[in-house]
Amino acid sequence: MCHHGLLVFPAQELGGADLTNFMSKFTTLRPRHGVEITLEGFPHVVIVSNIEENGEAIGHQPDQGIEWHSDGTGWQQDTLATCLYGVEIPKQGGDTLFANGYLSLNALPPALSKQVKSLSITYSRLYLYERLGYAKKLSTEELAQFSDVTKPLVVTHPVTQREALVFSIEECKCIDGMNESQSYEFLSQLLEFITAENQIYRHQWSVGDLLVWDNRCMMHTPTEYNYATQRRRLHRVIGLEPG
């Protein structure tokens, strides 16, 4: 996983215990965070879904999806990996796109590559929650947990020692020497190189698919689907880096 970034295991039959046990073998599980809804009896298994039952959401997912990101960039403790398991899949859309941070850095023109290696980026989880309308659902104590964090735009993978370009555009508060709008424009410019069709992997989901990826070198984003008429349900577990 460290070298390839993403592993795909099709046609699995996995419950909450299976996902928990699998991820526990190589990482420390991250508990529920913010507005997330978890699978009953499994506090580390988050339900990613647009489905409502009896007027209540069974999971958590923004209607518009979240743009290109890496899980956990805005958290104080870095994440190691994410696994995502397909339970209900829409007939059209709802794919997940992946970009490899090693290849993304190599895709940049030399001058731009040199520039990004010198930059740090400040993330704000609270900024993201306010933009998505989630902040009003949290208590003052919960909101106080979301302090800003500054990280390098290009990271060195602790296992492979390779440099990777990894960021989350919607959690970005600012980049060194840039204001908010300039930072967004700069990251959007990077995405033009990173997300070229020959640079990304598109996963078209089937029920039972298990995807596992390394957040230290991978970015991803969902594609749209009809949120009003199509049902989508995935189960997610995120593992933390040691320390």
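The values are calculated or read from the model by the stated rules, or taken from the named source; none is laboratory data. Nothing here was measured: the structure is a model prediction, and the numbers come from that model. Cβ sites come from the backbone with ideal geometry, for glycine too, and all protein chains shown count toward neighbours.
Picking from residues in the range 198-240 that are part of a loop (DSSP other than H, G, I, E, B) and polar (S, T, N, Q), the one that is nearest to the chain's Cα centre (by Cα) is ASN215.
Looking at THR82, is it more than 25 Å from PRO10 (Cβ to Cβ), polar (S, T, N, Q), in contact (Cβ under 8 Å) with a residue 24 or more places away in the chain and in contact with an Asp or Glu (Cβ under 8 Å, 6 or more places away or on another chain)? Answer is no for this residue.
Note on the range 37-50: residues that are touching a residue at least 24 places away in the same chain (Cβ under 8 Å) and surrounded by 15 or more Cβ atoms within 10 Å (Cβ to Cβ) amount to 9. Within the range 179-197, the residues that satisfy the criterion of being in a helix (DSSP H, G or I) and among the polar types (S, T, N, Q) are SER181, GLN182, SER183, SER188, GLN189. Considering GLU180, GLU142, GLU197, the condition of being among the charged types (D, E, K, R) and touching a residue at least 12 places away in the same chain (Cβ under 8 Å) is satisfied by GLU142 alone. Being charged (D, E, K, R) and over 21 Å from VAL116 (Cβ atoms) holds for only one residue in GLU180, GLU224, and it is GLU224. Among the numbered criteria (1) among the aliphatic types (A, V, I, L, M); (2) at pLDDT 95 or above; (3) surrounded by fewer than 18 Cβ atoms within 10 Å (Cβ to Cβ), which one does ALA228 miss? Only one criterion in (1) among the aliphatic types (A, V, I, L, M); (2) at pLDDT 95 or above; (3) surrounded by fewer than 18 Cβ atoms within 10 Å (Cβ to Cβ) is unmet by ALA228, namely (2). Among the numbered conditions (1) of a type in the set (D, E, K, R); (2) over 18 Å from the mean Cα position of the chain (by Cα); (3) part of a loop (DSSP other than H, G, I, E, B), the only one that GLU67 does not meet is (2). Cβ-Cβ distances below 9 Å connect the following pairs, each with a first residue in the range 8-22 that is under 23 Å from ASP214 (Cβ atoms), a second residue that is in a helix (DSSP H, G or I), and a separation of six or more residues or different chains: GLN12/ASP18; LEU14/PHE22. When the residues of the range 97-115 are filtered to those that are in contact (Cβ under 8 Å) with a residue 60 or more places away in the chain and in contact with a helix residue (DSSP H, G or I) (Cβ under 7 Å, 6 or more places away or on another chain), the one that is farthest from MET218 (Cα to Cα) is LEU108.
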